[in-house]
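Read the figures in this text as sums done on the coordinates, not as results from a lab. These figures come from a predicted structure and were not determined experimentally. Backbone-built Cβ (ideal geometry, glycine too); neighbour counts: all protein chains shown.
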């Protein structure tokens with residue numbers, strides 16, 4: 001049987017990635033104490049692998065495709081093909097920033113002040129490349145973890161990934177500069193893409209994952225309204241695209257269906273009621289495909 005080998009990031013991205021696959025329509029089973037993830041699609045072979053390693057395994061052909069951060073693609077300098085940007089973090093849709101941070105009371109006030117200093121980071125190559133581009137010579141050393149506690153004690157600064165900056169603030173660290181904004185990517189092996197079956201299978205997986213991610217934070221909305229109230233309704237409706245409007249069997253009434261952001265619902269639904277909306281239904285979405 002034909003197989004497509006895909007690497008799933010183990011660690012911080014693991015839970016949301018598995019959730020995304022399930023929303024995309026794949027029934028998954030994570031075998032206890034195993035790196036294998038079984039799927040109801042027998043053509044998929046899913047493995048849990050550290051995000052730091054996935055790009056390398058995809059480049060070598062050990063994996064046909066994988067999901068990892070742009071930061072690790074750059075760090076490993078892996079020659080892979082980026083198939084789809086999937087902007088999410090462990091919390092959900094969004095991105096990470098790789099920043100240089102220093103203690104709040106540090107005399108280092110600007111990036112040029114790092115000249116001759118020591119910086120700790122997991123992303124050594126990315127950090128060195130950035131400093132070289134800025135014309136700054138500094139010692140960049142690999143950090144095995146707990147990087148935040150090293151700033152001001154063991155090193156002068158750190159280069160660290162952050163989503164909200166809360167952890168840095170909790171360690172009394174100040175962001176000096178943003179090196180890059182990183183998002184999750186679906187990547188593929190170049191030779192695998194030359195195989196028509198694998199290329200099509202990867203494309204299909206990408207389509208479904210993107211649709212599942214687009215559905216995050218959105219919901220479907222249905223309601224009935226008198227035809228004379230439709231114009232006013234449309235003026236307040238923040239539609240993803242133009243809403244679907246159809247006539248009801250009862251003369252003078254129509255049904256409206258649209259996709260909107262979940263965060264708008266608590267304010268939107270009362271307003272829809274005020275302009276004459278009836279039978280208002282909010283429902284969850286699994287996928288949104290353009």
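Considering only the stretch 96-182, what is the antiparallel percent among its DSSP beta bridges, to the nearest 5? Numbers along the way, then the final one.
Working: 13 of 21 bridges.
Within the stretch 96-182, antiparallel bridges account for around 60 percent of the total.
Inter-label distance, residue 146 to residue 250: 6.7 nm, where each label sits 7 Å from its Cα along the C-beta direction.
Relative contact order for the chain: 20 percent, from Cα pairs under 8 Å spaced at least 6 residues apart, divided by residue count.
Note on the stretch 145-196: percent of Cα-Cα distances in each 5 Å bin, starting at 0 and stopping at the bin with the largest distance, equals 4, 15, 23, 16, 10, 7, 7, 7, 7, 4, 1. The calculated FRET efficiency for the pair residue 234 and residue 43, based on their C-beta separation and a Förster distance of 51 Å, comes to about 0.70.
With q set to 0.25, 0.29 Å⁻¹, the log10 of I(q)/I(0) for the stretch 218-284, from the Debye formula over equal scatterers at the Cα positions, is -1.14, -1.52.
Secondary structure note: in the stretch 1-105, about 45% of the DSSP beta bridges are antiparallel.
The smallest convex shape that holds all Cα atoms of the stretch 1-100, its convex hull, gives 112 Å³ per residue. Angle check, please: helix 14-23 long axis (alpha carbons) against the longest principal axis of the chain (alpha carbons), in degrees 0 to 90, nearest 10. Helix 14-23 sits at roughly 30 degrees to that axis. With all pairs of different C-alpha atoms in the average, the Kirkwood value for the hydrodynamic radius of the chain is 22.0 Å.
Give me 98, 74 ranked fewest to most by other Cβ atoms within 10 Å of their Cβ, as a rough exposure proxy. Working shown, then result.
Values: 98 25, 74 17.
If I rank by nearby Cβ atoms, fewest first, I get 74, 98.
In plain terms, the chain from residue 134 to residue 181 could stretch by 15.2 nm, reckoned as 0.36 nm per residue minus the Cα-Cα distance.
When ranked by the protection proxy of mean other Cβ atoms within 10 Å per residue, highest first, what sequence do the peptides 3-12, 263-272 form?
Details: 3-12: 19.9, 263-272: 13.7.
Ranking the peptides 3-12, 263-272 by packing returns 3-12, 263-272.
Can you put 253, 144, 197 in order of Cβ neighbours within 10 angstrom, beginning with the fewest?
144, 197, 253
Angle of helix 124-133 to the longest C-alpha principal axis of the chain, folded into 0 to 90 degrees and rounded to 10: 80°.
Report D for the stretch 134-277 in µm² per second (integer): Stokes-Einstein, Kirkwood Rh on Cα pairs, 20 °C, 1.002 mPa s. Rounded to a whole number, D works out at 102 µm²/s. The C-alpha atoms of the chain define a longest principal axis, and helix 265-274 lies at about 20 degrees to it. Bridges between two residues of the chain, per DSSP, are antiparallel at a rate of about 75%. Put in line by how crowded their Cβ is, counting other Cβ atoms within 10 Å and starting with the fewest, 214, 221 read 214, 221. Extension gain, residue 153-residue 30: 0.36 nm per intervening residue step, less the Cα-Cα distance, totals 40.2 nm.
Average projected area of the Cα convex hull of the stretch 96-182, in nm²?
Numbers: hull surface 19.4 nm².
Mean shadow area of the hull around the Cα atoms is 4.8 nm².
Determine, for each peptide in 79-91, 155-167, the mean count of other beta carbons within 10 angstrom over its residues, then list the peptides with the highest first.
Values: 79-91: 16.8, 155-167: 19.4.
By packing density, highest mean first, the sequence is 155-167, 79-91.
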